[in-house]
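Take a look at the structure below.
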Amino acid sequence: MNHTLIVLAVLLVAGAALVGCSGFLSGGTAGNDSGFRQVTAQEAKELMDSEQDYVILDVRTEGEYAEGHVPGATLLPLNDVASKAESVLTDKDQLILVYCRSGKRSHDAAQKLAAMGYGNVVDFGGIMDWPGEVVQD
C-alpha cells in the first residue's frame, strides 16, 4: 500500500511538471502567469510580417534608441512605463511588441504593462537578437 502511494505521488508531480511546461512541449511560444507572452526576436519579426495593428515598443534610453532601433518603434523608456504608458498606448487590447537591449528591461516593462491591464503584450527580448533591419535617428 505504501509503495502505491509513492508511485501515485511521483506520477502527480510528473504530470504537474508536464502541464507547467506545455508551452515548451507544444513547440509554441512560452507563456507565463504574468499576463504577457515571451517570444524570440525571429518570432516577433514573423508576427510583424503577418499582423497589421501593432505597436513596437522600445523601452531603452533615448541615447540607445538614437543609436539604432527597430523600424517603426515607439520609444518609451522603462522608467516612464508606469507614468506614461496610458498616454502613449491608448488601446489596451492592441498587440504590443516590447524589446530593449538584452531582454531584462523588456521583461520588466511587459510585466508592468500586463499589470496595468494591457492584454496583448509580447516580450521579444533584446535588439541584440533582432534579425531584421535596424535604423538610426
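Structure notes:
- The listed residues 90, 40, once ranked by accessible area (1.4 Å probe) with the largest placed first, stand as 90, 40.
- Taking amide H positions as modeled 1.01 Å from N, with prolines and chain starts lacking one, the residues under 5 Å from residue 98 and 5 or more places away or on another chain are 57, 122, 123, 124.
- Anisotropy class of region 27-137 from Cα gyration tensor, a/c 1.5 cut: rounded
- Label point of residue 82 set 7 angstrom out along Cα-Cβ; within region 116-136, amide nitrogens under 15 Å from it belong to 116-117.
- Three-way shape call for region 49-93 based on the alpha-carbon gyration tensor, with the a/c threshold at 1.5: oblate
The values are calculated or read from the model by the stated rules, or taken from the named source; none is laboratory data. Worth saying up front: this structure is predicted, and the values here are computed from it rather than measured. Don't worry about glycine lacking a Cβ; one is built from the backbone with ideal geometry, like all the others, and counts go over all protein chains shown. Remember, those area values only see protein heavy atoms, side chains included, never the ligands or the DNA or RNA. Shrake-Rupley method; radii C 1.70, N 1.55, O 1.52, S 1.80 Å.
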